[in-house]
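Okay, structure first, notes after.
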Amino acid sequence: MARRPTLEFWYEFASTYSYLAAMRIEALAEAAEVEIRWRPFLLGPIFAAQGWTNSPFNIFPVKGRNMWRDLDREAARYRLPPVTRPNPFPQNSLSATRAAIHGADQDWLVPFTKAVFETEFAKGGSIAEPHAVVAILDKLGLDGTAILRAASSEASKGRLKLAGEEARSRGIYGAPSFLTEDGELFWGNDRLEQALDWAAGNRPGAMR
């Protein structure tokens with residue numbers, strides 16, 4: 001069997017559009033015969049480097065109002081549950097991201113990722129507190145306390161820092177972002193299909 005091309009999916013748990021992408025990327029990738037590498041990271045340090053101390057959707061209220069309306073429309077179009085805004089927004093995603101980085105090579109990463117997004121944007125629940133992340137892991141049949149303890153080790157913190165540095169060095173400035181094997185960067189949920197096409201070689205002038 002020929003090796004499938006890989007598309008990296010860089011996502012931030014506090015990101016509304018990362019939520020939409022996470023909920024639909026698996027089926028689309030399977031249809032495109034592309035493997036997905038799930039890459040959790042923290043967007044806050046990248047925003048801070050751009051001079052932003054908050055989400056641009058809060059910094060620019062008009063943009064924020066339209067984003068929430070757009071999110072409602074898109075969730076309905078994708079047949080997802082109605083969006084419930086978490087309070088506050090954006091959520092502090094540090095604990096959840098630490099857990100995801102710790103589980104990067106585990107088979108529970110994807111269900112955990114989707115459960116975090118569902119808790120946050122489908123149910124309006126908090127993901128900020130460590131106990132909230134533990135509860136999500138426990139519901140997946142895992143030992144949430146042990147995982148979060150391991151995810152808080154210096155080694156895991158180092159991996160999280162390295163993920164952020166890698167994202168920045170590869171030109172990522174927002175989430176969700178998609179990187180193909182030839183280094184092509186696509187940004188935004190609305191570019192997911194185009195990213196998969198590019199990864200699969202289905203683009204003008206490309207030879208398969």
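Just to be sure I follow: if Rg is taken over the C-alpha atoms of the chain and Rh is the Kirkwood radius over the same atoms, what is Rg/Rh?
Dividing the radius of gyration by the Kirkwood radius yields 0.95.
Using a 1.4 Å probe on the protein chains only, how many percent of the accessible area of segment 151-208 belongs to carbon and sulfur?
About 51 percent, which is the carbon plus sulfur part of the accessible surface.
Based on the Kirkwood radius over alpha-carbon pairs, what value in µm²/s does the Stokes-Einstein equation return for the translational diffusion coefficient of segment 1-42 at 10 °C and 1.306 mPa s? Working shown, then result.
Details: Rh = 11.0 Å.
D = 145 µm²/s.
Going by accessible area, probe 1.4 Å, with all protein chains left in place, what is the ranking of H102, H131, largest first?
Correct descending sequence by accessible area is H131, H102.
At 7 Å along Cα-to-Cβ for each site, give me the label-to-label distance between K114 and A155 in nm.
For K114 paired with A155, the spin-label model returns 3.0 nm.
I'd like the accessible area for F186, computed on protein heavy atoms only with a 1.4 Å probe and all protein chains in place. Round to 10 Å², please.
Probe radius 1.4 Å; accessible area of F186 about 10 Å².
Is segment 1-91 best put as rounded, prolate or oblate by its Cα gyration tensor, with a ≥ b ≥ c the root eigenvalues, rounded for a/c under 1.5, and otherwise prolate when a/b is larger than b/c, oblate when not? List each step's numbers first, then the result.
Values: a/c = 2.95, a/b = 1.48, b/c = 1.99.
It is oblate, given that a/c is not under 1.5 and a/b is not larger than b/c.
Roughly what would the spin-label model give for V62 and R168, points 7 Å off Cα along C-beta, in nm?
Placing both labels 7 Å beyond Cα along the Cβ direction yields 3.2 nm.
Over the chain, what is the relative contact order in whole percent, taking alpha-carbon pairs under 8 Å and six or more residues apart?
After rounding, I find 30 percent.
Can you list the lysines whose alpha carbon is less than 19 Å from that of K123, not counting same-chain residues fewer than 8 positions off?
Reachable lysines: K114, K139.
What share of all Cα pairs of segment 92-203, in percent, falls into each consecutive 5 Å distance bin?
Going from the shortest bin to the longest, the percentages are 2, 11, 18, 19, 19, 15, 10, 4, 1, 0.
Could you check how much of the accessible area of segment 20-135 is carbon and sulfur, as a whole percent, using a 1.4 Å probe?
Summing carbon and sulfur atoms, their accessible area is 51 percent of the total for segment 20-135.
Keeping all protein chains in place and using 1.4 angstrom, which order do R37, R149, R170 fall into by accessible surface area, from largest down?
So, going from the largest accessible area down, we get R149, R37, R170.
In Å², what does the accessible area per residue of the chain work out to with a 1.4 Å probe?
Normalised by residue count, the accessible surface of the chain is 52 Å².
The values are calculated or read from the model by the stated rules, or taken from the named source; none is laboratory data. From a predicted model like this one, the values you see are computed outputs, not experimental measurements. Neighbour counts run over all protein chains shown; Cβ positions are idealised from the backbone, glycine included. For the accessible areas, the whole protein counts, side chains as well, though only heavy atoms, and no ligand, DNA or RNA atoms are used. Shrake-Rupley method; radii C 1.70, N 1.55, O 1.52, S 1.80 Å.
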